[in-house]
Amino acid sequence: VPGIDRDSMVVLTLDDTTRMYLGFGKKLVWDPDGTQVFFIVYPYGSSQWVVDINTRVRRVFSDSITINAISPDRRTAHILWWNFILPNQRMKFVDYPSLTNERELGPPGAGGASWSQNGEEIAFGYRADSTKIGGDIFIMKKDGTNIRRVTYQQPLFSIGDIHWSPDGSKLVFI
């Protein structure tokens, strides 16, 4: 987009009449109701910020919790503590928006949760063999059951930033 620097985070109306510059950073997460965006600004550390799209008011959301994804029904959020995953840590989920009732799902070291469009399944990255560099994508039911692998030994890939296609038949990832 003309006039926007690399690594800039911007909220843009599709007709390009309104731009809201959020700063330099990464990991943008829309609240499914479309009123808020969560984001991490660099070089200011790992604090997660939130902006109200209507009022344009930005504030620090948390210095220790990062919202990684929010379920389509707005009832659950996947969170990270201090914006990283420890090798034996399981994915953490909380009730949203209260951020209460923390629970762990999936295998130790899994991360990058992404809900399917209907909210029934969660795709995530996981390195099943800790002696390998790469990782794979797995899918589980939203309650953590029925875990199944969908890729096999993606060499040299660290799976992250997984997104479902609108019809739920495909995944795209970095």
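The values are calculated or read from the model by the stated rules, or taken from the named source; none is laboratory data. No experiment lies behind these values; they were computed from the predicted model shown. Here the Cβ positions follow ideal geometry from the backbone for every residue, glycine too, while neighbour counts run over all protein chains shown. For accessibility, only protein heavy atoms count, side chains too; no ligands or nucleic acids. Shrake-Rupley method; radii C 1.70, N 1.55, O 1.52, S 1.80 Å.
Can you pull out the residues in the range 46-75 that are β-branched (V, I, T) and modelled with pLDDT under 85?
Within the range 46-75, the subset β-branched (V, I, T) is 50-51, 53, 55, 57, 60, 65-67, 70.
Selection gives I65, T66.
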Residues of the range 44-60 being open to solvent by 30 Å² or more (accessible area, probe 1.4 Å) and under 15 Å from the mean Cα position of the chain (by Cα), in sequence order, are S46, W49
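The rows are residues; the columns are (1) modelled with pLDDT of 90 or more; (2) outside any strand (DSSP E or B).
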position: A77; (1), (2): yes, no
position: L86; (1), (2): no, yes
position: Q89; (1), (2): no, yes
position: P97; (1), (2): yes, yes
position: G109; (1), (2): no, yes
With criteria (1) surrounded by 15 or more Cβ atoms within 10 Å (Cβ to Cβ); (2) modelled with pLDDT of 90 or more, I162 comes up short on (2)
Restricted to the range 1-45 and to residues being closer than 21 Å to G112 by Cα and β-branched (V, I, T), the residue modelled with the lowest pLDDT is V41
Taking first residues from the range 101-113 that are over 22 Å from I174 (Cβ atoms) and second residues anywhere that are open to solvent by 30 Å² or more (accessible area, probe 1.4 Å), the pairs with Cβ under 7 Å that are 6 or more apart or on different chains are N101/D95; E104/R90; L105/R90; P108/N88; P108/R90
